Amino acid sequence: MAGARVTSRRPRIGYATKTETMNRVLARLSSDGATTPPRLLSSTMKSNRTPTTRSTHARSTNRRAKRILLVDDDSTVRDSLNDVLQSEGYLVIPAENGQQALDLANKSSVDLVLLDLNMPVKNGWETFEQLTREHPLIPIIVVTARPNQLFTAINAGVGALLEKPMDIPMLLRTMEKLLVETARQRLARLAGIETEFLYKPATAGHAHPGQKK
């Protein structure tokens, strides 16, 4: 089943206000050397200009040195995803709980986060809130078997929601898309402005009712 793309203007619930979020991100952009504030653009306003064909070498070059913070308390999931991502040319930083993920994000450069929800020490949504507050331009993909998280994810400003069991090709495509986003697009999503959101429900017949990861 293909992932569904949802367009939403719903305000964020339970996190910083739009003004606070925009000010924080603009300050971060300024500290990183940006000379002018970005305009607020919705990703749905940007035309798809990605070439239909890309060489394997080009994809490998694009992924090289991209650092992925992989947060999941299940060692089997971590090991499996680690192998897949490394084979695709990514550098993987594993974390087994939310607090460890926050510590690693503060110590290392991170380009994208894959985040589980049900974890010890600090759960996924608490981790998401703090990561977003401290590192607002890092895209975050929530990967979970917990049901009924769609609207929470949209409201929070998540880059994508992918339900377990994992659709690896969809995961890789989503990662590539988010990694090439502009700061403007990430700002628009965090601020609750209309933006494209990818949701991939669990594959029919393979989900495990009651499993909440």
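Within the stretch 105-123, the residues that satisfy the criterion of being outside any strand (DSSP E or B), in contact (Cβ under 8 Å) with a residue 40 or more places away in the chain and in contact with a helix residue (DSSP H, G or I) (Cβ under 8 Å, 6 or more places away or on another chain) are Val110, Asp111, Asp116, Leu117, Asn118, Met119.
Based on what the data block shows, is Leu150 under 19 Å from Asp111 (Cβ atoms), touching a residue at least 12 places away in the same chain (Cβ under 8 Å) and not basic (Lys, Arg)? No, not satisfied.
Taking the stretch 150-168 as the range and being crowded, with 17+ Cβ neighbours inside 10 Å and either assigned to a loop (DSSP other than H, G, I, E, B) or small (Gly, Ala, Ser) (or both) as the test, the residues that pass are Ala153, Ala156, Gly157, Val158, Gly159, Ala160, Lys164, Met166, Asp167. Scanning the stretch 136-149 for residues that are over 17 Å from Asn123 (Cα atoms) and either among the hydrophobic types (A, V, I, L, M, F, W, C) or surrounded by fewer than 17 Cβ atoms within 10 Å (Cβ to Cβ) (or both) returns Leu137, Ile138. Just one residue in the set Glu196, Glu176 is among the acidic types (Asp, Glu), modelled with pLDDT of 95 or more and either under 24 Å from Leu102 (Cα atoms) or outside any loop (DSSP other than H, G, I, E, B) (or both); that residue is Glu176.
For Leu102, the conditions (1) assigned to a helix (DSSP H, G or I); (2) hydrophobic (A, V, I, L, M, F, W, C); (3) touching a residue at least 60 places away in the same chain (Cβ under 8 Å); (4) in contact with a helix residue (DSSP H, G or I) (Cβ under 8 Å, 6 or more places away or on another chain) all hold with the exception of (3). The set of residues from the stretch 52-85 being farther than 14 Å from Val143 by Cβ, of a type in the set (A, V, I, L, M, F, W, C) and at pLDDT 50 or above comprises just one member, Ala65.
For the stretch 66-82, filtered to residues that are touching a residue at least 40 places away in the same chain (Cβ under 8 Å) and of a type in the set (Asp, Glu), the residue that is nearest to Leu179 (Cα to Cα) is Asp72. When the stretch 169-185 is limited to residues that are in contact with a Leu (Cβ under 8 Å, 6 or more places away or on another chain) and charged (D, E, K, R), the one that is surrounded by the fewest Cβ atoms within 10 Å (Cβ to Cβ) turns out to be Lys177. Residues in the stretch 66-81 that are under 13 Å from Leu171 (Cβ atoms) and either touching a Gly at 6+ places or on another chain (Cβ under 9 Å) or in a helix (DSSP H, G or I) (or both): 3 in all.
The values are calculated or read from the model by the stated rules, or taken from the named source; none is laboratory data. Nothing here was measured: the structure is a model prediction, and the numbers come from that model. Backbone-built Cβ (ideal geometry, glycine too); neighbour counts: all protein chains shown.
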